[in-house]
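First up is the structure itself, then whatever we jot down about it.
The values are calculated or read from the model by the stated rules, or taken from the named source; none is laboratory data. These numbers come from a predicted model, not from an experiment. Methodologically, a virtual Cβ is constructed for each residue, glycine included, from the backbone with ideal geometry; neighbour enumeration extends over all protein chains shown.
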Amino acid sequence: MELAIHAEGLRKRYGDFEALRGLSLSVPAGQVLGVLGPNGAGKTTTVRILSTLLTPDAGFARVAGFDVVKQRKDVQRAIGLTGQYAAVDEQLSGRENLVMIGMLQRFSRKQAKLRADELLHQFDLVEAGTRPSGKYSGGMRRRLDLAASLINQPSVLFLDEPTTGLDPASRQTLWAIIRKQVAAGVTCLLTTQYLEEADQLADRIVVVDKGQIIAEGTADQLKDQVGGARLDVTVGDPAQQTMAAHTLSGVTAAQPTLAEDGRGVSVQLTRGMTDVAEAAVALQRSGIPVVDFAVRRPSLDDVFLSLTGQNRASDEQSAAAPERSPA
Amino acid sequence: MSTAVVDGVVCVERHLRHLIRTPGKLVNAVLLPMIFALLFGLLFGSVIEVPNGGYEEFIMAGIFVQGVMTAVPNSAVGAVEDLRNGLIDRFRSLPMSNSAVLIGRTVGDMVLRALSCVAMAGVGLAIGWRVHTSFLEVAAGFALLLFFGFTVAWVGALIGLSVGNAETAASVPSVLLMPVMFLSNAFIPLTGLPDWLRVVAEWNPLSAIVGACRELWGNPSASNSGSFPTENPVLLSVVWMVAILAVVAPLAVRKYQTAAAG
Ligand SMILES: Nc1ncnc2c1ncn2[C@@H]1O[C@H](COP(=O)(O)OP(=O)(O)OP(=O)(O)O)[C@@H](O)[C@H]1O
Ligand SMILES: [Mg+2]
């Protein structure tokens, strides 16, 4: 399959700090890759390299068939970039912003105006189009920013945390816009901290941590990777959370984790229904009042937390929870 | 049209729009130098003696140069804003000329400086400043002033892109330029200075541009020492500005090319 984005062994250091340590990824044309990672993982650095803003120390990358270092202008003509912060000129109106970017994308003034009006219409900004963009709401700014990155009808679109800080309604609107681009055949690389967002929009997901890819696959594959279904138990009294974990660890092979809310205990089910049945019986015998008892598929959160090790609950657990008694 | 020219025009246009949209900047660039001219002319006019002519005639070139120097913090802060809100990232992701954004800023700024010069000239004429030369020479003086504004706007852009923080960008220029300004012939005649200080002040680029304006407008000069800089201020100021531009503009463009928001 033709690759629209292909990066091999990207490295980047800032002073002593190595932000990217040999990151490789590829996105087939027309697909959406979700890049998932905690703060400081190197998501923005990756996007900046792929969109020609930053030169890698090592490795190479091709975007839309062009080398991001040696064929910068060709890459720039082919891509759209929506950075982590909405980049609009606050003193210019929405329309003026778009016309300006259009002309810098090598449109004639007339073409740029036509394209600007088209995009304002498409992004529901016609009315706001004549007002200074500094007065826009966060959602409107994001839309304008996205519109600006679509002026040249890019074949590859980079979106760096496009919905961070937006309310749910604005997020839905933005998702719809992105889906429309994808339906039109645009290749997308989307970074996000929201698992739901990656789940909703991406064909494939890579999980980045400390400058490296630590897992990749479809959302389902990643979920399978952390193991099968999980049992979530919620106790009525926080004082009994540890007790419940202890009880569960007596019957399940996996070690239970304590939820941060102080009342939840979650454990992976390795023996399916047998685990569920034994857990129910054990809890019943222990006399711990249980307010919720539910089996669920692992969420991307589980994947994320187990892969990046960013689970505070599991850290606390090693100190607070009892050792699992060998079955 | 070549891409670089189109990009330059688009970016200058952007700054002209900013000018119209931010009356505050206009006030700062027009009113402040006017007040300055008025105060200096009236206050010091009565106490400072100038070798050959009135202090009002002497001081105005200094006031003009001082007024035009607001270009430094102005363009420094503007560059920081562009950097901070991600606009420079956006521009750098476009297939556009590398210098256009800064050219837009520095050329656009000249329009503001021109307005400010007109305002200062008005005050100057009101307090008794006159020019005594041909129209062409007077115009050449103002052209030199604008070229000076263009040059120092590049200095400001370099400062802004280097410090990357609005407060620092606003204060660094005054800290840096205040001593240079007062160690020049802008407000005082250099005749009374100790020799070594006089030589330093005479070679000061600001003295060159102030001296050049005085010569081109037929206003009294700050020194009659007969040294090279006092005899050839026009030549020296042009050399200074070209030299400063040749160093600062490429550095600023390099900074721009590697600049990062956030
Ligand atoms: N210009 C820079 N100078 C020094 N360090 C930097 C620079 N840019 C990024 N870093 C560091 O590199 C690491 C990766 O940064 P990056 O912005 O790529 O992370 P990210 O995954 O986008 O994080 P976030 O979710 O917070 O946006 C961080 O630790 C950051 O502090
Ligand atoms: Mg980031």
Requested in this report: Determine, yes or no, whether residue A:234 is crowded, with 16+ Cβ neighbours inside 10 Å, away from ligand 2 (no atom under 16 Å from the Cβ), in a strand (DSSP E or B) and hydroxyl-bearing (Ser, Thr, Tyr).
Outcome: yes
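This table checks each residue for (1) over 30 Å from residue A:130 (Cβ atoms); (2) in contact with a helix residue (DSSP H, G or I) (Cβ under 8 Å, 6 or more places away or on another chain); (3) touching a residue at least 40 places away in the same chain (Cβ under 8 Å); (4) of a type outside the set (Gly, Ala, Ser).
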residue	(1), (2), (3), (4)
A:20	yes, yes, yes, yes
A:27	yes, no, yes, yes
A:32	yes, yes, yes, yes
A:70	yes, no, no, yes
A:73	yes, no, no, yes
A:76	no, no, no, yes
A:87	no, yes, yes, no
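Could you please find all residues in the range A:130-166 being on the phi > 0 side of the Ramachandran plot and surrounded by fewer than 18 Cβ atoms within 10 Å (Cβ to Cβ)?
Once the filter is applied, which keeps residues that are on the phi > 0 side of the Ramachandran plot and surrounded by fewer than 18 Cβ atoms within 10 Å (Cβ to Cβ), the range A:130-166 yields A:153, A:165.
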Report summary line: residue A:56: passes all of (1) farther than 12 Å from residue A:10 by Cα; (2) more than 16 Å from ligand 2 (Cβ to nearest atom) but (1)
Report task. Please verify whether the range A:196-207 includes one or more residues that are under 27 Å from residue A:76 (Cβ atoms), part of a loop (DSSP other than H, G, I, E, B) and either in contact (Cβ under 8 Å) with a residue 60 or more places away in the chain or of a type in the set (Lys, Arg) (or both). Result -> yes
Query raised in the report: Which one of the conditions (1) touching a residue at least 12 places away in the same chain (Cβ under 8 Å); (2) within 16 Å of the chain's Cα centre (by Cα) does residue B:257 fail to meet, given that it meets all the rest?
Result: (2)
Requested in this report: Filter the strands (runs of 3 or more DSSP E) completely within the range A:1-74 down to those with at least 2 residues that are touching a strand residue (DSSP E or B) at 6+ places or on another chain (Cβ under 8 Å), more than 13 Å from ligand 1 (Cβ to nearest atom) and within 15 Å of residue A:209 (Cβ to Cβ).
Outcome: A:17-28
Report task. Give the residues of the range B:56-90 that are touching a Ser or Thr at 6+ places or on another chain (Cβ under 9 Å) and among the charged types (D, E, K, R), sorted by residue number. Result -> B:89, B:90
Requested in this report: Would you check which residues across the range A:81-101 are at pLDDT below 95 and over 20 Å from residue A:165 (Cβ atoms) and list them?
Outcome: A:91
Requested in this report: Considering each residue of the range A:139-166, count those that are away from chain B (no Cβ under 11 Å) and either part of a helix (DSSP H, G or I) or more than 16 Å from ligand 1 (Cβ to nearest atom) (or both), and give that number.
Outcome: 12
Query raised in the report: What number of residues within the range B:212-262 are outside any helix (DSSP H, G or I), surrounded by 14 or more Cβ atoms within 10 Å (Cβ to Cβ) and within 14 Å of chain A (Cβ to nearest Cβ)?
Result: 3
Requested in this report: Scan B:89, B:109, B:82 and give me the residue that is surrounded by 19 or more Cβ atoms within 10 Å (Cβ to Cβ), modelled with pLDDT under 95 and closer than 14 Å to residue B:68 by Cβ.
Outcome: B:109
Query raised in the report: On the given criteria, is residue B:119 surrounded by fewer than 18 Cβ atoms within 10 Å (Cβ to Cβ) and at negative phi?
Result: no
Query raised in the report: When the residues of the range A:73-83 are filtered to those that are surrounded by fewer than 24 Cβ atoms within 10 Å (Cβ to Cβ) and more than 7 Å from every other protein chain (Cβ to nearest Cβ), which remaining residue is farthest from the chain's Cα centre (by Cα)?
Result: A:74
**Report entry** Residue identified as surrounded by 23 or more Cβ atoms within 10 Å (Cβ to Cβ) and either assigned by the TED database to the domain that holds residue A:196 or part of a strand (DSSP E or B) (or both) among A:112, A:86, A:169
**Finding:** A:86
Query raised in the report: Just checking, how many residues over the range A:257-275 are among the β-branched types (Val, Ile, Thr), without any contact (Cβ under 8 Å) to a residue 60 or more places away in the chain and in contact with a strand residue (DSSP E or B) (Cβ under 6 Å, 6 or more places away or on another chain)?
Result: 2
Report task. For residue A:180, state whether it is free of Cβ contacts under 8 Å to residues at least 40 places away in the same chain, more than 16 Å from ligand 2 (Cβ to nearest atom) and either surrounded by 15 or more Cβ atoms within 10 Å (Cβ to Cβ) or under 27 Å from residue A:2 (Cβ atoms) (or both). Result -> yes
Report summary line: Filtering the range B:182-205 down to residues that are assigned to a helix (DSSP H, G or I) and within 25 Å of residue B:134 (Cβ to Cβ) yields none
Query raised in the report: Within the bounds of the range B:193-207, is there any residue that is free of Cβ contacts under 8 Å to residues at least 40 places away in the same chain and under 18 Å from residue B:71 (Cα atoms)?
Result: yes
